[in-house]
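These notes concern the structure reproduced below.
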Amino acid sequence: MTPLERVASTPKGQLKSPYRDFASVAEEGHRKYMAAGCNGCHGGGGGGGMAAPLTNPIWIYGDDDDTLFRLIALGTR
């Protein structure tokens, strides 16, 4: 199931991260972040620029699994 299909088929508030250990997928996530061009707006280290920083302890839209999954899959448009 693609991320967009998962978002479409899961009621809001019920998406959960499939990763129990973030450290085990951090390197792969960083590669995908750089390959997708996210660094162009969020900065190479995630500190912000044209888009919100990803390193702040307080997130604009919230930091629960469901919100983060939907933001990554759908963006903020």
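The values are calculated or read from the model by the stated rules, or taken from the named source; none is laboratory data. Predicted, not measured: the structure shown is a model, and the values here were computed from it. Please note: Cβ atoms are built from the backbone with ideal geometry, for glycine as well, and neighbour counts cover all protein chains shown.
Given the options L74, L68, name the one that is surrounded by 11 or more Cβ atoms within 10 Å (Cβ to Cβ), in contact with a Pro (Cβ under 9 Å, 6 or more places away or on another chain) and at pLDDT below 90. Outline the logic, then answer.
Details: L68 fails: in contact with a Pro (Cβ under 9 Å, 6 or more places away or on another chain).
None of the others qualify; the one that does is L74.
This table checks each residue for (1) of a type in the set (G, A, S); (2) modelled with pLDDT of 90 or more; (3) more than 18 Å from D66 (Cα to Cα); (4) more than 13 Å from the chain's Cα centre (by Cα).
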| site | (1), (2), (3), (4) |
| --- | --- |
| L15 | no, yes, no, no |
| Y19 | no, no, no, no |
| E27 | no, yes, yes, yes |
| K32 | no, yes, yes, no |
| A35 | yes, yes, yes, yes |
| G43 | yes, yes, yes, yes |
| G47 | yes, yes, yes, yes |
| A52 | yes, no, yes, no |
Next item on the list: List the number of the failed condition for Y19; all other conditions in (1) without any contact (Cβ under 8 Å) to a residue 24 or more places away in the chain; (2) among the aromatic types (F, W, Y); (3) not in a loop (DSSP other than H, G, I, E, B) hold.
Entry: (3)
Next item on the list: Filter the stretch 1-16 for residues that are in a loop (DSSP other than H, G, I, E, B), in contact (Cβ under 8 Å) with a residue 24 or more places away in the chain and loosely packed, with under 11 Cβ neighbours inside 10 Å and give the result.
Entry: K12, G13, Q14, K16
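Matching residues to (1) surrounded by 12 or more Cβ atoms within 10 Å (Cβ to Cβ); (2) under 18 Å from L4 (Cβ atoms); (3) in contact with a Phe, Trp or Tyr (Cβ under 8 Å, 6 or more places away or on another chain):
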{"site": "Y19", "(1), (2), (3)": "yes, no, no"}
{"site": "C38", "(1), (2), (3)": "yes, yes, no"}
{"site": "G47", "(1), (2), (3)": "no, no, no"}
{"site": "I60", "(1), (2), (3)": "no, no, no"}
